[in-house]
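Q: My questions will all concern the structure given below.
A short reminder: the numbers here are calculations on the coordinates, not readings from a lab. All figures in this text were calculated on a predicted structure; none of them were measured in a lab. Don't worry about glycine lacking a Cβ; one is built from the backbone with ideal geometry, like all the others, and counts go over all protein chains shown.
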Amino acid sequence: MTAVEVPVSPRRQRTFRIGRWLSLPYRPRTIIRGAILILVIMAIVGVVLPMGSFNLPADRVWRAVFNPAAASSDELLIVWEFRIPRILLGILIGAMLAVAGALMQSVTRNGLADPGLIGVTEGATVVILFTVIIDTGIPPQWYPALGMVGGALVAAFVLFLTRRAVGVKFVLIGIGVSAFLSAGISIFLTYGNISQVQSAMVWMAGSLAPASWDIILRALPWAIAGLAAAVLTTRATDASLLGHTASTALGIRGFRLRIILIVTSVALTAASVAAVGTLGFVGLVAPHLARFLVGANQSALIAGSAACGAVLVLLADSLGRLVFAPIQIPAGIVMALIGVPFFLWLLWRRRHTL
Amino acid sequence: MRFPSRPLRGLLLALGSIVAVMSVQPAFGQAMRTVTDDTGREVAIPVDPQRIVSLRGEQITAPLLELGANLVGAGGVVSPAINGGQPYVRGAFDILDFRFEASTIAFVGGDNDFDIEAIAALRPDLIIAPAVAAATDRLPQLEAIAPTVLLIFATNDPRLTGGNTSLERYRRVADWAGRLEQFNALEAAFADRLARYRTIVEATLGDPARVVVSHIDNHGVGTYQVLRHYDMLTEMIDALGFAYPAIVAEATGPSVAMSAELLPQLQTDFLISTFRSASENDYPDAIRARFDETLPGWQEFVHAAKYGQHIFIDREQMRTATFASARYVLDFLMANIVLRPFTALGEATLAP
C-alpha cells in the first residue's frame, strides 16, 4: 500500500490517497495554516510547562522531559505526574469538544449548535452525576459509556421532537431540554450527600486539576474513535452541503450520515464530560475560529477545530492554574468568561435570521 | 492503524509507580504506623508528623491549630469582603484569629480546588483531607506527595461507622497528627467546665428538657432550613440537655427544609439563627429582614419571635471542631437561655 498524491486543482486542492482505502482532498494553504496552529500549541506548551507553584528552573524541567534518568524524584513528580498529564489532557479534551461542536454544527447547519447548548452535555452529566450521588460503585472507567447513554438519549429525544436535525428549531428544543436537565442536576445537588455534592460541584466546574495518565488513557480510545469517524465522514459531509437531491445523486445517505455525526459528537462530548466535567463553549467557539483561520470545508473544519479547541482549553487551563496561583480557577469558568460574550456576539450577528 | 495502548499504559504505569515510590518515602529515621481513615483506607503515616498539610478549614485546620500541631500548609478561601481580600481559613479566622499573613503556614489554594504543586513544594509528611478528595480523582495526586488520610464530616455519610460529632472527628484528627495527649488534656478541661455548667443549668432551670430550642436559618430562597445536626451548636444544646420541637426531633435526616406554611409548627422557647460577623450581608439585621420578607408578621404566631427569644450566634465561630468553639457555644447558651429571664412556651398565648 503506497501513499499517492493526486493533484485535483494545481493551485488550490490536492488529494492524499492510500491505495483504494483512503482518499482525502486537501488544500496546501489549509495544511500550512493547520501546521501554524500546531506550532502555536507547541509554543504554548513550551511556555507553560516550566511554570507552576513548585519552583523548578526551566532547564531542570526540560532535563526531566528529555532525560528522566538524570532527574530528581521531585522533578519527575512535578513534570511527569502533574504538568505533562494536565497539558496533554487539556489538548485532548479541547480537541474532542471542538470536533464534537463542529460535527453538531455541520449536522444542524447552524453555527449556534453546540453539544452543551442542545442538552447533550447535560444528558451525560445527569447520568454520571446520578452514578456518583447514589454511590453505585461503578468504576470511573465506565463513566464515558454511561455519559454517552445519557447524551445519546437526549440527542434522540431532541431528534424525535424536531424530526429533522436541522435548523434553529433543533437548537431551541435542545436548549429547552437542556434547561429541564439542569433542573434535574439541581435536584441531585440539593438532596445528595454533602460530600458527594461537593465532589460533584468540583467536577461540574470543569477542572483539569485532577489530570492523570489514568484519566488520559480513559479518554483516549474515545478520542481516537471519534476523531477517526469525524475524519472519515468529511467528504460525505461536504457533499451533503450540496443539498438533498445532489448529495443523494452522489450516493450520500443523508439520514445515516446525520446519525453517524450525531453519535460521534455525543460520544466525544460524553467522554470529555466523564474526564473533566462540564467544560462549556469550546464546541461553540473553536469551530468558528477554525472557519476563520483555516477554512470552511469539512476536513479543514475538523482539523482546525481540533487545533483551536486544544489551544483554547490549554490557554484557559493555564491561565486558571497560573495567574492567581495558588488559587485555582477551573478551566470551565475561564472558558465561560470567553464563551458567553462570544455566544452573545453570535446571537447579535444573527438577530435578523433567528 | 493499531493503537499501542498496552505498551503505553505499561510504560506510564511503571514511570508513575517509580515516581510515587520515590516521592512518598518517609523522612530518614521517621517512625511510621498504620491507621484506618474514615473511608476505610489503611494508610502508613508518621508517628509524629512534622510537616502537615490540611485541606479543610473548620474541620481540620482549626483543630490542628488549637493543638499546636506541625502545620505547614492549609487550604483557605478568598473573599473580597473578608480579611481585606487576603486568603483566610473559615472558622479558624473567626474563633482563633488565625491569619496566613501573620504565620509561617502557607496558603495552598481552595480546600477542594487546591494547587497540587503548592502542596508538593511544602514537602509534607502527612496530608489530612476531606473525603471529597477521594471522589474527585485528586486522591492519587495527594498520595504521590505524602501519606494522605481522609476525614468524613457529613453527618449522613453512610461510609462512616464510628462517631461523627465534632469532638469525635477532632479526636481522630488529633490522633493522626500525633497530638492525642494534647487533645485529652483539652477534653478533660472541657468536661470539667461542662459539668459545672450543667450544675448551674439544673439549679436555674430545673429539668433542662423543659426548655425547647431549635436552630432555624433563612438563606433568602423562600424556605427555612432547620438543622438537627449543626456542629457545635446542636452538640452543645444536646450536652446541656435542652429539648427539640417534635418536627425537628422526629426528622429522619440531618435537616428539615421548611416552607412558610409549616413555620407555625416550630413552637419553641428559643429559636437560634446564625450570622457571620465577617460578612455584612449576613449580619443579624439582614437576616431578620429576610425572615420578615418571607412571611410578614411571623412574630405574631411564633412564640420565640414574639417574646424576643429569637437569638443569633456567629456561625463561623460556632462551626469549628475545636474546644474554643465548644466553649463559645456553651457560653452563648448560658448567657442567652440559662441566665436570663424568658417567657416559657406554656406561659403565653399566641395569635390564632
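Q: For A:Phe324, B:Phe332, what's the fewest-to-most ordering of other Cβ within 10 Å of each Cβ?
A: Ordered by Cβ neighbours within 10 Å, fewest first: A:Phe324, B:Phe332.
Q: What's the Cα-based Rg to Rh of the protein assembly as shown, Rh via Kirkwood?
A: On the Cα set of the protein assembly as shown, Rg over Rh gives 1.04.
Q: Counting pairwise Cα distances across chain B, what percent come out greater than 36 angstrom?
A: So the portion of pairs separated by more than 36 Å is 30 percent.
Q: Tabulate in residue order the Karplus-calculated ³J(HN,Hα) for segment A:309-318, using 6.51 cos²θ - 1.76 cosθ + 1.60 with θ = phi - 60°, rounded to whole Hz; enter x for Gly and Pro.
A: Result, rounded to whole Hz: x, 4, 4, 4, 5, 4, 5, 4, 5, 5.
Q: Considering only segment B:210-272, what is the antiparallel percent among its DSSP beta bridges, to the nearest 5?
A: Bridges in segment B:210-272 are about 55 percent antiparallel.
Q: Among B:Glu235, B:Glu117, B:Glu280, what is the fewest-to-most ranking by other Cβ atoms within 10 Å?
A: Neighbour counts put them in this order, fewest first: B:Glu280, B:Glu235, B:Glu117.
Q: I'd like the distance separating the alpha-carbon centroids of segment B:223-297 and segment A:297-350, in whole Å.
A: Cα centroid of segment B:223-297 versus Cα centroid of segment A:297-350: 43 Å apart.
Q: Return, for the Cα atoms of segment B:202-345, the radius of gyration and Dmax in Å, separated by a comma.
A: 14.3, 41
Q: Let me ask something additional. Over all residues in A:78-87, what is the mean tally of Cβ atoms on other chains that come within 10 Å of each residue's Cβ?
A: 4
Q: While we're on this one: Only helical DSSP H runs with n ≥ 4 go in: add -39500 (n - 2.57) per run for chain B, normalise by residue count and round the 222 nm mean residue ellipticity to 500 deg cm²/dmol.
A: Taking each H run of at least 4 residues, the total per residue is -10500 deg cm²/dmol.
Q: Just rank A:Met104, A:Met201, fewest to most, by other beta-carbon atoms within 10 angstrom.
A: Listing A:Met104, A:Met201 from fewest to most nearby Cβ atoms yields A:Met201, A:Met104.
Q: Looking at segment A:232-298, which trypsin sites (Lys or Arg not before Pro) are DSSP coil and have at most 15 other C-beta atoms within 10 Å of their C-beta?
A: A:Arg253
Q: Would you please give the residues with an amide H less than 5 Å from that of B:His215, counting only those at least 5 places away or on a separate chain, with H modeled from the backbone geometry?
A: B:Leu227, B:Ile272
Q: Mean Kyte-Doolittle of at least 0.5 and a Cα length of 20 Å or more along the axis: which whole DSSP H helices of chain B meet both?
A: Within chain B the helices that satisfy the rule are B:5-23.
Q: May I ask you to work out the translational diffusion coefficient for segment A:94-349 at 20 °C, viscosity 1.002 mPa s, via Stokes-Einstein with Rh from the Kirkwood sum over Cα pairs, reported in whole µm²/s?
A: Roughly 118 µm²/s, to the nearest whole number.
Q: Quote the convex hull volume per residue of segment B:57-153, based on C-alpha atoms, as a whole number of Å³.
A: Value for segment B:57-153: 98 Å³ per residue.
Q: Okay, moving on. Using a 7 Å offset from the Cα along the Cα-to-Cβ direction at both A:Met201 and B:Arg198, what is the distance between the two label points in nm, to one decimal?
A: For the pair A:Met201/B:Arg198, the computed spacing is 3.7 nm.
Q: With springs only between Cα atoms under 10 Å apart, run a GNM on chain A and tell me which of A:Thr269, A:Thr162, A:Thr237 wobbles the most.
A: Taking springs between Cα atoms under 10 Å, the residue moving most is A:Thr162.
Q: Gaussian network model of chain A, Cα springs within a sub-10 Å range: biggest mean-square fluctuation belongs to which of A:Ser318, A:Ser265, A:Ser72?
A: Ranking A:Ser318, A:Ser265, A:Ser72 by mean-square fluctuation puts A:Ser72 first.
Q: Under 10 Å, Cα contacts only: if you run a Gaussian network model on chain A, which one of A:Phe157, A:Phe82, A:Phe255 comes out with the highest mean-square fluctuation?
A: Among A:Phe157, A:Phe82, A:Phe255, the largest GNM mean-square fluctuation belongs to A:Phe255.
Q: Enumerate the residues in segment B:268-295 having an amide nitrogen under 12 Å from the point lying 7 Å beyond the Cα of B:Ala260 toward its Cβ.
A: What the label zone holds, given the 12 Å backbone N cut-off, is B:290-295.
Q: Further, regarding this structure: Considering only DSSP beta bridges whose two residues both sit in the protein assembly as shown, what percent are antiparallel, to the nearest 5?
A: Roughly 50 percent of the DSSP beta bridges within the protein assembly as shown come out antiparallel.
Q: Taking the alpha carbon gyration tensor of segment B:173-233, what are the square roots of 5 times its eigenvalues, largest first, to the nearest whole Å?
A: Sorted largest first and rounded, they come to 30, 24, 6 Å.
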